[in-house]
Structures are given as C-alpha cells and as structure tokens.
Amino acid sequence: MHIGKTLFSQIMEFVPWTSFARIVQRHGGNSGVRALSCAEQFRAMAFAQLTWRESLRDIEASLSANAGKLYAMGFRSAVKRSTLADANESRDWRIWSDLAALLIRRARKLYANDALGVDLDNTVYALDSSTIDLCLSLFDWAPFRSTKAAIKLHTLLDLRGAIPAFIHISDGKLHDVNVLDMLSFEAGAFYVMDRGYVDFARLYALHQAGAFFVTRAKSPMDARRVYSAPTDRSTGVISDQQVMLNGHYSAKKYPEHLRRVRFKDPESGKTLIFLTNNTALPALTIAALYKSRWRVELFFKWIKQHLRIKKFLGNSENAVKTQVWCAVATYVLIAIVKKELQLDVSLYTCLQILSVSVFEKTEISCALQADASQTDMPDAVNQLNLFDF
C-alpha cells in the first residue's frame with residue numbers, strides 16, 4: 001500500500017534509481033551541483049510530460065502551487081525555471097538517453113510474450129523516422145531546408161508492446177538509410193522498413209548478419225526472374241519469385257537471390273511489390289509483416305500528440321535532446337507501470353488520468369484502472385438536453 005503518497009511519487013518508484021545514480025556518476029551529472037540534482041531534473045521533466053506543461057514558467061508555477069507536496073515528490077526545494085533551464089542546457093543529454101535505454105531493456109522483457117498479430121515467434125522491428133519542424137533562426141544547429149530547421153527521430157520499434165529498441169536524434173538532413181549503419185542486427189529478427197531504406201549493400205550486410213528484412217521495391221527495379229513459386233491469386237498474391245539483380249553495381253552489392261512478392265491489397269486495390277531475403281515464410285505472411293510497419297507510424301503520431309516534443313524548453317542541441325530523451329523515458333516508464341501492475345487500460349488512458357491527478361494520494365493500481373462500475377443513471381423528466389436538436 002502507498003498510503004499518503006501521490007500518484008507521481010508512486011510512478012517515480014518504478015525508476016531504477018541505483019542504476020540511474022551510476023549513469024549520473026559516469027557522466028559527471030551532479031558535479032558542482034548545489035540545487036536541482038539530476039534526479040530532481042528528471043522528476044521535473046517527467047512532471048512536465050505527464051501534466052502537459054508547455055514552458056519553464058508553466059512548470060515552475062504548477063509545482064509552486066503544490067509546494068507542500070514537493071518534498072514527498074522527491075524535490076528538496078522549489079524548482080526555479082532558470083535553474084531548470086541551466087540544467088537542460090549544460091548537463092550531458094546522454095544521461096537521459098542512457099536512462100531511457102535502461103528502461104527500454106526492462107520494458108522489452110516485460111512485453112516479450114505479447115501478441116504480435118502475425119503467427120511468428122521471431123522478434124519483429126519496424127524502422128522509420130519522423131521529422132519535427134523547428135525555427136531556423138532559433139535552432140541553427142539543426143539545418144533542414146533553406147528556410148527551415150528540423151530534427152529527425154530515427155526509431156527502431158519492437159512491435160511487441162510498441163517499445164522503441166533504438167532511437168537516434170539527428171538534424172533534418174540526415175538521410176534515413178544512413179541509420180542502417182548504426183544498428184547492430186539481431187540474428188533471426190525481422191526488420192520491416194519502407195523503400196527509403198533500400199540500399200543493396202546495407203541490406204546485404206543485414207542478410208550476412210543472419211537477420212531478415214521486408215521492404216518495398218523501388219520502381220523501376222532492374223532484376224531478372226530466376227524461379228517462380230505457385231500462387232493462389234484469390235488470396236491477393238499475384239507472384240512469388242526468386243530474382244537476381246541485373247545492374248553491374250547492384251549485383252556486386254547484393255550478389256545473392258532476392259525474393260520478390262507481388263501483392264494486390266484487397267482494401268485499396270493497389271499492387272505492392274515486396275523484397276525480402278526470407279524464403280521460408282508464406283507470401284501472405286510477408287505481406288502481413290509489411291502491413292505491421294504502420295504501427296511505427298502510429299507510434300510517431302501518438303507521441304507527437306501525447307508527449308511534449310513539439311514545443312521545446314530550450315534552443316540548444318543539448319536542451320532539445322534532453323527533452324526528447326526525457327519524453328521517451330517517461331513514455332517507457334508508464335508502459336512499465338502498466339505492465340507491472342497488469343492494468344487493463346491503454347497507455348493513452350493512463351496518461352489522461354495522470355495529467356489531472358498526479359497530486360492525488362490514492363493507490364496507483366486503483367487510480368489507473370478503467371471504471372467498470374458505471375451504472376445507468378435514471379432519466380430526469382425535467383432535465384434539458386442541450387444537444388438534442
């Protein structure tokens with residue numbers, strides 16, 4: 001029981017503070033600090049994410065209005081906006097990326113047995129990026145176009161539980177395909193990505209690592225058919241072929257057979273051409289795997305809508321990366337809480353409840369459970385219905 005503790009305090013108990021202290025020590029995060037330790041900084045940034053604070057002044061005012069609860073929340077003193085701004089500017093953003101990585105490892109173990117939606121025991125990752133537009137005059141370190149700045153979130157999403165296994169933050173000019181050079185490929189895992197990642201030399205490196213890829217072919221694709229497997233066109237599979245690349249340089253980059261599946265989507269009527277190095281799975285499973293890639297698109301849409309990563313508390317590269325990594329750590333932390341407490345509610349619902357009740361002193365498992373005790377209210381004869389036109 002957590003009698004007398006706020007919901008925020010109970011959430012923070014799921015942070016591995018001992019491991020976090022080692023991370024802080026490794027990066028010298030608390031060196032020369034007299035106010036607002038790294039632990040307090042994360043609490044303040046997590047509070048901003050959970051309660052949708054939009055500015056440093058907003059964070060300061062909200063915490064000051066609950067001054068009597070700050071000590072129980074883990075703050076030794078009131079949080080000043082200037083102190084928080086300085087901490088975000090000066091403390092190494094890798095502290096928060098390491099914390100997020102620590103939480104991600106824990107979350108992936110918790111979600112390892114979740115249903116994938118495809119009859120497959122392998123780990124399946126979806127790789128994609130999302131661009132966050134910035135003002136060029138304020139964020140000149142993140143060039144994108146002649147009149148615009150931007151950062152890119154390159155994300156490798158584990159589709160079991162929608163937990164990001166890898167995130168890289170770059171300026172807007174970094175091409176997506178370069179992220180393949182940063183990944184350590186897991187043998188036996190599937191990497192699902194769109195055709196922006198089609199680079200045959202990099203795909204061959206993935207193939208040699210013992211991993212599998214599923215992507216879409218670029219048009220036109222210069223390849224010759226080597227073998228055609230029988231297909232049932234009523235399922236939507238038009239052809240299932242083994243092909244070799246024709247181009248001199250392409251053939252040198254990927255000298256082995258590729259599998260090319262041509263599939264007509266029954267919903268949209270579009271014909272899609274998939275490329276993979278897996279020859280064992282049915283063609284329909286390959287199509288289903290590519291369809292599951294859209295879950296990373298939903299992930300980006302979700303975090304942009306429900307986390308504070310579109311308005312930044314500082315303009316420097318360090319401050320922006322600090323805010324993004326704290327947002328990711330908060331997202332994964334709530335995912336851990338949901339799984340540890342076996343809550344039968346969505347992450348969206350958890351965040352909605354926490355956004356208005358972080359200062360409430362109630363048991364977290366009760367506060368975040370869906371209200372199943374809804375009863376039908378008797379109709380009031382004289383009650384007016386404002387929207388009954």
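The values are calculated or read from the model by the stated rules, or taken from the named source; none is laboratory data. Treat the numbers as computed from the prediction; the structure is a model and nothing was measured. Cβ sites come from the backbone with ideal geometry, for glycine too, and all protein chains shown count toward neighbours. When the accessible area is computed, the model is the full protein with side chains, heavy atoms only, and any ligands, DNA or RNA have been set aside. Shrake-Rupley method; radii C 1.70, N 1.55, O 1.52, S 1.80 Å.
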### Query
Where q = 0.15 Å⁻¹, what log10 of I(q)/I(0) comes from the Debye formula for segment 62-180, counting one point per Cα?
-0.94
## Note on the structure
Toy charge model, Lys and Arg Cβ at +1, Asp and Glu Cβ at -1: segment 282-328 dipole around Cα centroid in debye, rounded to 20, equals 160
### Message
Restricting to Cα pairs below 8 Å that are 6+ residues apart, what does the relative contact order work out to for the chain? Please round to a whole percent.
### Response
21
### Message
Only Cα pairs within less than 10 Å get springs; with that Gaussian network setup on the chain, which residue of 307, 284, 354 has the largest fluctuation?
### Response
284
### Query
Total Lys pairs in segment 249-370 closer than 16 Å by alpha-carbon, pairs eight or more apart in sequence or interchain only?
7
## Note on the structure
Dividing the alpha-carbon radius of gyration of the chain by 2.2 N^0.38 Å, where N counts its residues, gives 1.16
#### Entry: Debye, to nearest 20: dipole size of segment 132-234, +1 on Lys, Arg Cβ, -1 on Asp, Glu Cβ
380
### Task
Starting from the amide H of residue 362, placed 1.01 Å from N in the peptide plane, find each other amide H under 5 Å away whose residue is 5 or more places distant or on another chain.
7
### Task
Please calculate how many Å² of accessible area segment 241-287 carries per residue, with a 1.4 Å probe and no DNA, RNA or ligand atoms counted.
52
### Task
Give, in nm to one decimal, the length gained when the segment between residue 115 and residue 22 is fully stretched (0.36 nm per residue of separation minus the Cα-Cα distance).
30.0 nm
### Message
When a/c reaches 1.5 or more, the comparison of a/b and b/c decides; with that in mind, is segment 1-78 rounded, prolate or oblate per its Cα gyration tensor?
### Response
oblate
### Task
Search the structure for amide H atoms under 5 Å from the amide H of residue 272, placed 1.01 Å from N in the peptide plane, and list their residues when 5 or more places away or on another chain.
263, 264, 265
### Task
With the full set of protein chains in place, find how many percent of the accessible area of segment 175-221 is carbon and sulfur; take the probe as 1.4 Å.
48
### Message
Can you compute the radius of gyration and Dmax for segment 44-114, using only the Cα atoms, both in Å?
### Response
15.1, 45
#### Entry: Area accessible to solvent at residue 317, 1.4 Å probe radius, in Å²
80
#### Entry: Charge context of residue 172, other residues only, Cβ under 9 angstrom, K/R +1, D/E -1
+2
### Message
Using each residue's phi in segment 105-122, evaluate 6.51 cos²θ - 1.76 cosθ + 1.60 at θ = phi - 60° and report the 3J(HN,Hα) Karplus result to the nearest Hz, with x for Gly and Pro.
### Response
4, 5, 5, 5, 5, 5, 9, 4, 9, 5, 5, 9, x, 10, 6, 7, 8, 5
### Message
Please check: in the Gaussian network model of the chain (C-alpha springs, under 10 Å), which one of 199, 119, 176 has the largest mean-square fluctuation.
### Response
119
#### Entry: Solvent-accessible area of residue 304 with every protein chain in place, 1.4 Å probe, in Å² to the nearest 10
60
### Message
With a 1.4 Å probe and all protein chains kept in place, how do 231, 147, 123, 51 rank by accessible area, largest first?
### Response
147, 231, 123, 51
### Task
Decide, for segment 179-247, between rounded, prolate and oblate: order the square roots of the alpha carbon gyration tensor eigenvalues as a ≥ b ≥ c, take rounded if a/c falls under 1.5, and otherwise choose prolate if a/b is larger than b/c, else oblate.
prolate
### Task
Note down the magnitude of the dipole of the chain about its Cα centre, charges +1 on Lys and Arg C-beta and -1 on Asp and Glu C-beta and zero elsewhere, to the nearest 20 debye.
1080
### Using alpha-carbon coordinates, inclination of helix 38-51 to the longest axis of the chain, degrees
80
### Query
Any idea what the relative contact order of segment 97-161 is, in percent, if you count C-alpha pairs under 8 Å spaced at least 6 apart?
39
### Message
Please report the net charge: other residues with Cβ closer than 13 Å to the Cβ of residue 110, K and R +1, D and E -1.
### Response
+4
#### Entry: trypsin sites (Lys or Arg not before Pro) within segment 1-53, DSSP loop, no more than 14 other Cβ atoms inside 10 Å
34
